Structures are given as C-alpha cells and as structure tokens.
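Have a look at the structure below, then the notes.
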Amino acid sequence: MVNVLNHPLITTKLTIMRDENTSHHLFRELLKEISALMVYEILRDYKTIEYSVKTPTGSIAIGEKMDKEIVIVPILRAGLGMVEGILSLIPTSRVGHIGVYRDEKTFKAHEYFYKIPNVSKESLILLVDPMLATGTSAKDSIERLKKDGFTNINLVCLVGVEKGIQTIRNEHPDVKIFLAAKDLYLNEKKYIVPGLGDAGDRIFGTK
Ligand code: URA
C-alpha cells in the first residue's frame, strides 16, 4: 500500500525545502515539522485500547491509550532528520538505528550499524528516510528488521519515485509506504527529480 499524504500544510513546507536557496537550518526545521504532520496522519487509524481514569469531578472517564510500542528507525544518515519531529508528537517512542550501504562493485548490502530496542516483535516500526529513490537501502533495512522478527513495518519517506515504490512493493508487499509527495523520476546520478537534492547534505549542512 502506498499512501501519498497530499496536504496543504505538508506541501507548502515541502516546496520551501525543495528551493535550492533554503538554508540547512530552515531545511532541517521544516523536515522536523513535516515528519510530525505525517505521523499525525499515519496514526489516524492506529488501534488504541480503552482504559478509564478518575477525573477531579469524582467520575470515571473512559479513554484510550496506545496498544503497542512505537519504534522510530531512521536509516542513517538522512533518516535522523525525521526523528525529532516524530518524537515531538510521540515522546514515548523508542528509537533504533540502521546503517546499510551497498558495495558499488558487488552490489551486496553491508550493514555497518544496527541497534534496535528490545521490544515486542509486533511493535509498530516507523522506518524513516526522507528519500525513496532506488529503494535499495529501505529494502535492505526492511529485510534486516524482518530477520529480527518484526512484523509491523511502515516506511515513511518525504519524497519517493515509482522505482523505489516498486522495489519495496515487489519484495515487501506487506510494508505500508507513506510519502509526502511522489516525484517524477530518477536522474542518471540516481537523484530524485525534481526532488530536493542530497537530503543528508542539506540536513547537516555538509555541502
Ligand atoms: N538520496 C538523496 O538524498 N536525494 C535523492 O534525490 C536521492 C537519494
């Protein structure tokens, strides 16, 4: 399932992020805000469990609480830019990290970092990376999480293209994909067009 969260609050912020003249400071701030807005939408259908509290009027109010742990898993390094915004909305979330790279000659995936909280395998995983380009890092990360037993994985990206969507759909049809925008294509350097450039460089000001 692919869900493109077309929403004016998201799209207007994303347009500023796309602008090549936007500073890394503002870029990072907007990524944080959009990540929070996306998760607000993504959790709309999230199942809660009922529980009751006693209010100061002495009566009982039936309320709700989350029924599962939520684990934010940024794909290093650009995914880090999405963590703070999600935590601002769900401060009880845990955070794991995945670092994978592909050997440019053998195309084999190499994991250089993997640290995931020790939680139930049914926990809701929000695997985050701003860009869904070829989809290989996301695919490798999903494989790693599944190898660990996780069954409820959601991939949350800012901008994606059909190629990346197909990579995930073909290999992991059970994984829900959420995008703020679907862009046109990948250029010869595998950058998303129109895209927003190298997300990691723009978040961390490394260029
Ligand atoms: N990664 C990026 O940071 N930007 C792209 O356009 C594609 C992959």
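Each reported figure results from applying straightforward, stated rules to the coordinates on display, with no laboratory input. It should be emphasised that the depicted structure is a prediction, and the values quoted were computed from it without experimental measurement. Note that each Cβ is placed from the backbone with ideal geometry, even for glycine, and that neighbours are counted across all protein chains shown.
Pairs from the list 147/190; 68/147; 108/190; 105/163 with a Cα-Cα gap above 23 Å: 147/190.
Using a simple charge model, +1 on the beta-carbon of Lys and Arg, -1 on the beta-carbon of Asp and Glu, nothing else, what dipole does the range 2-204 show about its Cα centre, in debye to the nearest 20? Intermediate results must be reported in sequence, preceding the final value.
Details: 27 positive and 26 negative charges, 53 e Å.
That gives a dipole near 260 debye.
Restricting the range 17-68 to GluC sites (Glu not before Pro) that sit in a DSSP loop and have at most 11 other Cβ atoms within 10 Å of their own Cβ leaves 20.
One compactness figure for the chain is 1.07, namely its Cα radius of gyration divided by 2.2 N^0.38 Å. Taking other residues whose beta carbon is less than 14 angstrom from the beta carbon of residue 119, and scoring Lys, Arg as +1 and Asp, Glu as -1, yields 0. Residue separation of residue 162 and residue 198 scaled by 0.36 nm, minus their Cα-Cα distance, works out to 11.1 nm of gained length.
Each of 83, 181, 5 was scored by the projection of its Cα onto the charge dipole of the chain, and the greatest displacement toward the positive side belongs to 83; charges sit on the C-beta of Lys, Arg, Asp and Glu. Here the range 93-170 is described by how far its Cα atoms reach on the three principal axes: 34, 24, 20 Å, from widest to narrowest. Summary of packing: across the peptides 125-137, 149-161, 109-121, 171-183, the per-residue average of other C-beta atoms within 10 Å ranks them, highest first, as 125-137, 149-161, 171-183, 109-121.
With both labels modelled 7 Å from their Cα along Cα-to-Cβ, the residue 206 to residue 147 distance reads 2.3 nm. Estimated purely from DSSP H runs of n ≥ 4, each contributing -39500 (n - 2.57), the mean residue ellipticity at 222 nm for the chain is -9500 deg cm²/dmol once divided by its residues.
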